[in-house]
Amino acid sequence: MTRDEALLIEQVVSAWRPRDADGGVRAHPAWHDLPDTLREEAARQTRRQRRMEAALDPDGLSGTAKAVLARIRGG
Amino acid sequence: MDQDLDAYLPDIAAGDPDAFGRWVAGAEDRVRGSLMGLAAHVDVEAVLQETLLRTWQVAPRVRPDGRPNALLRLAIRAARNLALSELRKARVRPAVVADLERLPEPSAAMSGPDPLLRRVIAACRERLPGKPAAALLARLQGPGKADRDLAELVGMKLNTFLQNVTRARKLLGDCLSKRGVDVDLELA
C-alpha cells in the first residue's frame, strides 16, 4: 500500500460523511479514489476502530453512533 | 450474551434519542457486519449511517412480531436494500448485484465486550504518545466533523493529522495484541 493510499484509508475510517442536497448521507470523497481491495480493507479497519471506540465510551457509543445521534438531535 | 434490543423500542417510538443511542450501541456492529460483503462496492459507513437515521424515523411504526430484535432485523434488511439500491445507481454490473442479492441474510444474534476488555483498551489508549493521542482524541470527540476541521483544532496539517491517527490506531492495535486481545474476535 502506498502512502497516499494509506491516507485515503485513514480518511474513510473517519465517521464524517458529506450530505447531499436532501440531507442524505453520501460516500466519503476519499472512498471513490480507493480500488476495490482497499475499500474492503478500509471497511475492515473502520469496523475495528468503531468497536474500540464503543469499548472506550462509557455509553458504548462509537463515532458512528455519535455522528448519527448528533444528526437526530439537530446537529 | 444475547439481548433483545426491542426493550428500547417504546422509548424510541416516543422520540427519546438516548434510548435510540442505547439501541445503536447494541445494534451497530451487527448492521455493519451485514454490509461487509458489499464493502468493495459501497461505502459501508455511509450506508450504515443513512440506515440508522431511517431506522430512527420508522421506529414509531414498528410492532414487535413475537421474535426478539424486530427493529434490528428491520435495520439489517433496510441496510441491505439501501446498499443494493446504491449499487444499481452506481451501475455496478447486474450479474454482480444479483450475486450479492443472493448472499444469506445475516443473523441478528449479538454479544458485547466485557468490562475487563474495556479496561485493557483504555489502558492501551493511555499509553499512546502525545501527538497520536491528541489526533485520536480529536476523532473520538468530533466524529461528525471533517478531518480538515479536526486537524485545525489540534494544530496539525491535514496529512500530519491523518498520519497521527493512523499511528495511534496501529500502536493501539499492537498494544492490544501484546496483551492477547484480538479486536476482531474479542469485540465481535
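The values are calculated or read from the model by the stated rules, or taken from the named source; none is laboratory data. Model, not experiment: these values are computed from the prediction. As a convention, Cβ positions derive from the backbone with ideal geometry for all residues, glycine included, and neighbour counts pool all protein chains shown. Quick note on the areas: whole protein, heavy atoms, side chains included, nothing else; ligands and nucleic acids left out. Shrake-Rupley method; radii C 1.70, N 1.55, O 1.52, S 1.80 Å.
A probe of 1.4 angstrom, applied to the heavy atoms of all protein chains, finds A:Glu40 with accessible area near 70 square angstrom.
Accessible area per residue for segment B:1-58 is 35 Å², calculated with a 1.4 Å probe on protein heavy atoms, without ligands, DNA or RNA. Rg and Dmax of segment B:121-188, both derived from C-alpha coordinates alone, stand at 12.6, 36 Å.
When only the Cβ of Lys, Arg, Asp and Glu is charged (+1, +1, -1, -1), the dipole of the protein assembly as shown relative to its Cα centre reaches about 320 debye. Report, to one decimal in Å, the Kirkwood hydrodynamic radius for chain A based on all distinct Cα pairs. Kirkwood hydrodynamic radius for chain A: 13.3 Å. Given a 1.4 Å probe and every protein chain left where it sits, what share in percent of the accessible area of chain B is carbon and sulfur? Here it works out to 52 percent. Simple rule: put +1 on each Lys or Arg Cβ and -1 on each Asp or Glu Cβ in segment B:6-59, find the dipole, and look at B:Ala40, B:Phe20, B:Ala7; the Cα lying farthest toward the positive end is B:Ala40.
Computed over the Cα atoms of chain B, what is the ratio Rg over Rh, Rh following Kirkwood? The partial results should precede the final answer.
Numbers: Rg = 18.9 Å, Rh = 18.8 Å.
Radius of gyration relative to Kirkwood radius: 1.01.
Looking at the protein assembly as shown, the pairs of alpha carbons with a distance over 24 Å make up 47% of the total. B:Asp16 contributes about 50 Å² of solvent-accessible surface, heavy atoms of the protein only, 1.4 Å probe. Interface of B with A. Using a 1.4 Å probe and counting protein heavy atoms only, the two chains hide about 4400 Å² of accessible surface, both sides summed.
Given the DSSP H assignment, sum -39500 (n - 2.57) over each helix run of at least 4 residues in chain B and divide by its residue total; what's the result at 222 nm in deg cm²/dmol, nearest 500?
Values: 10 runs with 123 residues, N = 188.
Helix-only estimate at 222 nm: -20500 deg cm²/dmol.
Of the DSSP H helices in chain B, those that are both long (alpha-carbon extent of 27 Å or more along the helix axis) and hydrophobic (Kyte-Doolittle mean at least 0.0) are B:70-89.
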